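The values are calculated or read from the model by the stated rules, or taken from the named source; none is laboratory data. Model, not experiment: these values are computed from the prediction. Because the Cβ atoms are built from the backbone with ideal geometry, glycine has one as well, and the counts that use them run over all protein chains shown. Heavy atoms of the whole protein, side chains included, go into the accessibility calculation; ligands, DNA and RNA do not. Shrake-Rupley method; radii C 1.70, N 1.55, O 1.52, S 1.80 Å.
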Amino acid sequence: MRAPTVAPATDLAPRVFSRSIEDFDVPVGREEEWRFAPIRELADFFQPAVWGSVGLNGEHDVTVEYVEISDQRLSQTWMPTDRPSAIAREQATHAVLVTIPKESIHSNPIVVNLKNAGESNYLHVEVHAGPFSKSQVVLIHDTSGNVNGSILSLLGDQADLTMLSVIDADAAVMQHLHWFTEVGRDAHFLGLSITLGGGVIRTVPTLTYRAPGGKAQMLGAFLLTGDQFQEHRILVDHTQPHCVSNVIYKGALSGEGAHSVWIGDVLVRREAIGIETYELNRNLLLTDGPRADSVPNLELETGDVISAGHASATGRFDDEQLFYLQSRGIPESVARQLVVRGFFVDVLSKIDDAELSGSLMRRIESKLGIVDHE
Amino acid sequence: MSKLTITDLHASVITEDGDTPILRGVSLVVESGTTNAIMGPNGSGKSTLAYVIAGHPKYTVTSGSIDLDGQDVLAMTVDERARAGLFLAMQYPVEIPGVSVSNFLRTSITALKGEAPKLRTWTKDMKEAMADLQMDPAFASRNVNEGFSGGEKKRHEILQLGLMQPKIAILDETDSGLDVDALKIVSEGVNRYKESSNAGVLLITHYTRILRYIQPDVVHVFVDGRIVATGGPELADVLEADGYETYTAAARA
């Protein structure tokens, strides 16, 4: 067993990198990174179990393979940073591997339909975007059961990768998902995380750079109804000079007990000079009752940056907006639809596929009961 | 011919500390082809009157009636009032992030007319209406009221007036914050609308300046939640010279 890597202390970056489960204590809820999470409900995610591995559903592009977890093409260097991700890496038997060959250009999105093998599953997905390649990968999660695992997007030099991950889950489903992205020299990454529902969903998107000149956008749209819980704990680790990061997460909440947590950690290391970073979280409370926690953190180890900023706001659905639209003859349900569409537009408009973005928007409206598309 | 009849209207604003009466018995008739100006000092309740006619949820009507051509306006929702032919040009139009002006206008026209306007004629109509108000065509793709200057907001309100062609338009201090050039453009827009649809206009203002460009048929002085004097256009000249002091003093007495 390899010894865990222990990183130098910063407030934001993980301290322990290891594939060994014992290197991570079972969270008790007092730890900074776990303080918002429903620890008791997530108990099954803290002990190794015999779960199946998430596989593929239906026909797929030749770039998409289902491989043994021991496949040497899978990342040998990536290390889990918490107990659930260490358990998932240890216990998963198989992985989904998407390999975009060097210099290949894919004009059509590569759609990956994930399939659960049982009630609870481990997930391991890797997307390797070769140098100078250009592609879009769409991950559609099967949400028929609980899932614990990690998605890795690894971008070669000057690769251009757009990745969309869609979770559209029922209220009973729990998911714990790491999404690790490493951006190569002068590479471009656009990641879109769409989370509609789920009982307890916790995503941990982490992004870092392997070389200078990378540009990354991480966008998220999330929706909670009823008494659902979602946590999106983002870390952008600027380890290289002259890189750009832009994070926009937008959440809409409806229902008495809905609770969302957004943590936006951005760490700019001493060597990461000349970078630009911006992160924004906006939450829209559509009814009385929901709670949205929003915590942006910016840790600068160098002052030599082009720009570094963050913004966070949570607002109620505005009665004045509703009055204005209604006073122009627009019925209340259409007015609400306009406002919610407008709220999500800057995230959903980044999805190239108009059919997909349209169907996601209709799904949001159905879930909110604004328009009955069912 | 349309007729808006307001009879002995009493209304309160709903606050956390209880309801505070604002309108204390307003009676008024606005007919097609006429312009009624309501003038009053700050805090007299004239904007409240506009909001109550449009149905803002912040206010509650305690007694009296509003009737439009035999229909009970107070029984209608906000959007039903608009579809019945009432329009309120607002003093402080709100921002709708992510919703473009063209999408908003098209949605509104669709709701008002009961069917979506034909795409080709619609684009042409919108462009012409914008040109009339000297608005940049790029305006159509901006988000509703987001980052608009004061003048742009008012032009956008009058643009809607022209496109929606309501039976009765209430203009709530449309002149406030406008420079003379913008005031002329906006006033011309109101006059064009009034002529083309023989509409009735209720013009609420603090200043007499706008009345040089939009000729009122009747001028009402509004103090302390009610109309205290009514006259012809010459009443505006008296107010211009003497101010509201005589009326406010009388109301206090």
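In contact with a strand residue (DSSP E or B) (Cβ under 6 Å, 6 or more places away or on another chain) and over 22 Å from A:Val247 (Cα atoms): does that describe A:Met163? Steps first, please.
Details: in contact with a strand residue (DSSP E or B) (Cβ under 6 Å, 6 or more places away or on another chain): yes; over 22 Å from A:Val247 (Cα atoms): no.
For A:Met163, the condition - in contact with a strand residue (DSSP E or B) (Cβ under 6 Å, 6 or more places away or on another chain) and over 22 Å from A:Val247 (Cα atoms) - is not met.
Can you pull out every residue in the stretch A:226-280 that is open to solvent by 10 Å² or more (accessible area, probe 1.4 Å), in a strand (DSSP E or B) and either of a type outside the set (Asp, Glu) or farther than 12 Å from A:Pro296 by Cβ (or both)? Even if it seems obvious, please write down each step before you answer.
Within the stretch A:226-280, the subset open to solvent by 10 Å² or more (accessible area, probe 1.4 Å) is A:226-229, A:233, A:235, A:237, A:239-242, A:244, A:246, A:248, A:250, A:254-257, A:259, A:265, A:269-271, A:273-274, A:276, A:278, A:280.
If we keep only those that are in a strand (DSSP E or B) as well, we get A:229, A:233, A:235, A:237, A:244, A:246, A:248, A:250, A:259, A:265, A:276, A:278, A:280.
A:Phe229, A:Arg233, A:Leu235, A:Asp237, A:Val244, A:Asn246, A:Ile248, A:Lys250, A:His259, A:Glu276, A:Tyr278, A:Leu280 - these are the residues of the stretch A:226-280 that are open to solvent by 10 Å² or more (accessible area, probe 1.4 Å), in a strand (DSSP E or B) and either of a type outside the set (Asp, Glu) or farther than 12 Å from A:Pro296 by Cβ (or both).
Just give me the residues in the stretch B:112-159 being among the polar types (S, T, N, Q) and either touching a helix residue (DSSP H, G or I) at 6+ places or on another chain (Cβ under 7 Å) or open to solvent by less than 50 Å² (accessible area, probe 1.4 Å) (or both), in sequence order.
Step one: filter the stretch B:112-159 for residues among the polar types (S, T, N, Q), giving B:121, B:123, B:134, B:141, B:143, B:145, B:149.
The answer is B:Gln134, B:Ser141, B:Asn143, B:Asn145.
Could you pull out every one of the helices (runs of 4 or more DSSP H) wholly within the stretch B:40-137 that has 2 or more residues that are touching a residue at least 24 places away in the same chain (Cβ under 8 Å), within 14 Å of another protein chain (Cβ to nearest Cβ) and of a type outside the set (Ser, Thr, Tyr)? Please lay out each step first, then the result.
On the way: elements: B:46-54, B:78-84, B:101-113, B:119-132.
Here the list reads B:46-54, B:78-84, B:101-113.
For the stretch B:163-253, list the strands (runs of 3 or more DSSP E) that sit wholly inside it and hold at least 1 residues that are open to solvent by 20 Å² or more (accessible area, probe 1.4 Å) and of a type in the set (Lys, Arg); which are they?
Those strands (runs of 3 or more DSSP E) span B:226-231.
Can you tell me how many residues within the stretch A:74-125 are open to solvent by less than 30 Å² (accessible area, probe 1.4 Å), in contact with a helix residue (DSSP H, G or I) (Cβ under 9 Å, 6 or more places away or on another chain) and of a type in the set (A, V, I, L, M)?
Adding up the residues that qualify gives 4.
Being within 12 Å of another protein chain (Cβ to nearest Cβ), more than 30 Å from A:Leu12 (Cβ to Cβ) and in contact (Cβ under 8 Å) with a residue 12 or more places away in the chain, is that true of even one residue in the stretch A:351-362?
Filtering the stretch A:351-362 down to residues within 12 Å of another protein chain (Cβ to nearest Cβ) leaves A:361.
Narrowing further to those that are more than 30 Å from A:Leu12 (Cβ to Cβ): A:361.
Those left that are additionally in contact (Cβ under 8 Å) with a residue 12 or more places away in the chain: A:361.
Yes, the stretch A:351-362 has at least one match.
Checking A:Gly29 against (1) at pLDDT below 95; (2) open to solvent by 50 Å² or more (accessible area, probe 1.4 Å); (3) assigned to a loop (DSSP other than H, G, I, E, B): exactly one of these is not met. Which one?
So the condition that A:Gly29 fails would be (2).
Go through the stretch A:318-331 and report how many residues are assigned to a helix (DSSP H, G or I) and either surrounded by 24 or more Cβ atoms within 10 Å (Cβ to Cβ) or facing chain B (nearest Cβ under 7 Å) (or both). Before the answer, list the steps.
At the first step, the residues of the stretch A:318-331 found to be assigned to a helix (DSSP H, G or I) are A:319-326.
Adding the requirement that they be either surrounded by 24 or more Cβ atoms within 10 Å (Cβ to Cβ) or facing chain B (nearest Cβ under 7 Å) (or both) leaves A:319-321, A:323-326.
The qualifying residues number 7.
Return the pair list, or none, for Cβ contacts closer than 8 Å from residues in the stretch A:118-132 that are more than 19 Å from A:Trp51 (Cα to Cα) to residues that are among the basic types (Lys, Arg), at least 6 apart or on different chains.
Matching pairs, first to second residue: A:His128/A:Arg73; A:Gly130/A:Lys102; A:Pro131/A:Lys102; A:Phe132/A:Lys102.
Before we move on, is B:Val94 over 30 Å from B:Gly232 (Cβ atoms), buried (at least 17 other Cβ atoms within 10 Å of the Cβ) and within 17 Å of the chain's Cα centre (by Cα)? Talk me through it step by step, then tell me what you get.
Values: over 30 Å from B:Gly232 (Cβ atoms): yes; buried (at least 17 other Cβ atoms within 10 Å of the Cβ): yes; within 17 Å of the chain's Cα centre (by Cα): yes.
It is true that B:Val94 is over 30 Å from B:Gly232 (Cβ atoms), buried (at least 17 other Cβ atoms within 10 Å of the Cβ) and within 17 Å of the chain's Cα centre (by Cα).
Is at least one residue of the stretch A:274-297 within 14 Å of chain B (Cβ to nearest Cβ) and modelled with pLDDT under 90? Break it down stepwise before answering.
The first filter runs over the stretch A:274-297 and keeps only residues within 14 Å of chain B (Cβ to nearest Cβ), leaving A:280, A:282-284.
Restricting the remaining residues to those that are modelled with pLDDT under 90 gives none.
No - not one qualifying residue is present in the stretch A:274-297.
So is B:Ile14 open to solvent by 10 Å² or more (accessible area, probe 1.4 Å), assigned to a strand (DSSP E or B) and more than 30 Å from B:Ala236 (Cβ to Cβ) or not? It would help to see each step written out before you state the result.
Values: open to solvent by 10 Å² or more (accessible area, probe 1.4 Å): yes; assigned to a strand (DSSP E or B): yes; more than 30 Å from B:Ala236 (Cβ to Cβ): yes.
It is true that B:Ile14 is open to solvent by 10 Å² or more (accessible area, probe 1.4 Å), assigned to a strand (DSSP E or B) and more than 30 Å from B:Ala236 (Cβ to Cβ).
Pairs needed: first member in the stretch A:295-322, closer than 28 Å to A:Glu32 by Cα and aliphatic (A, V, I, L, M); second member anywhere, part of a strand (DSSP E or B) and open to solvent by 70 Å² or more (accessible area, probe 1.4 Å); C-beta distance under 6 Å; at least 6 residues apart or different chains.
A:Leu298/A:His310; A:Ala313/A:Arg282
Check whether at least one residue in the stretch A:202-215 is out of contact with any Lys or Arg (no Cβ under 8 Å at 6 or more places or on another chain), surrounded by fewer than 23 Cβ atoms within 10 Å (Cβ to Cβ) and of a type in the set (S, T, N, Q), and report yes or no.
Looking through the stretch A:202-215, at least one residue is out of contact with any Lys or Arg (no Cβ under 8 Å at 6 or more places or on another chain), surrounded by fewer than 23 Cβ atoms within 10 Å (Cβ to Cβ) and of a type in the set (S, T, N, Q).
Yes/no per residue for (1) closer than 23 Å to A:Phe317 by Cα; (2) open to solvent by 10 Å² or more (accessible area, probe 1.4 Å); (3) at pLDDT 95 or above:
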position	(1), (2), (3)
B:Asn42	no, yes, no
B:Thr60	yes, yes, yes
B:Gly64	no, yes, yes
B:Asp69	no, yes, yes
B:Val73	no, no, yes
B:Thr77	yes, yes, yes
B:Arg83	no, yes, yes
B:Phe87	no, no, yes
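Just checking, does the stretch A:149-157 include any residue being over 22 Å from A:Gln72 (Cα atoms), open to solvent by 10 Å² or more (accessible area, probe 1.4 Å), out of contact with any Cys (no Cβ under 8 Å at 6 or more places or on another chain) and not aliphatic (A, V, I, L, M)? So that I can check it myself, show each step before the final result.
The initial filter retains those residues of the stretch A:149-157 that are over 22 Å from A:Gln72 (Cα atoms), namely none.
Within the stretch A:149-157, none of the residues are over 22 Å from A:Gln72 (Cα atoms), open to solvent by 10 Å² or more (accessible area, probe 1.4 Å), out of contact with any Cys (no Cβ under 8 Å at 6 or more places or on another chain) and not aliphatic (A, V, I, L, M).
Condition (residue is charged (D, E, K, R) and open to solvent by 40 Å² or more (accessible area, probe 1.4 Å)) applied to the stretch B:25-38: is it met by at least one residue?
The initial filter retains those residues of the stretch B:25-38 that are charged (D, E, K, R), namely B:31.
Cutting the leftovers down to open to solvent by 40 Å² or more (accessible area, probe 1.4 Å) gives us B:31.
Within the stretch B:25-38, one or more residues are charged (D, E, K, R) and open to solvent by 40 Å² or more (accessible area, probe 1.4 Å).
Checking A:Phe344 against (1) facing chain B (nearest Cβ under 7 Å); (2) under 25 Å from B:Ala116 (Cα atoms); (3) not in a loop (DSSP other than H, G, I, E, B), which single condition isn't satisfied?
Exception for A:Phe344: condition (1).
Checking A:Leu298 against (1) open to solvent by 30 Å² or more (accessible area, probe 1.4 Å); (2) part of a strand (DSSP E or B); (3) touching a Phe, Trp or Tyr at 6+ places or on another chain (Cβ under 9 Å), which single condition isn't satisfied?
With respect to (1) open to solvent by 30 Å² or more (accessible area, probe 1.4 Å); (2) part of a strand (DSSP E or B); (3) touching a Phe, Trp or Tyr at 6+ places or on another chain (Cβ under 9 Å), A:Leu298 is out only on (3).
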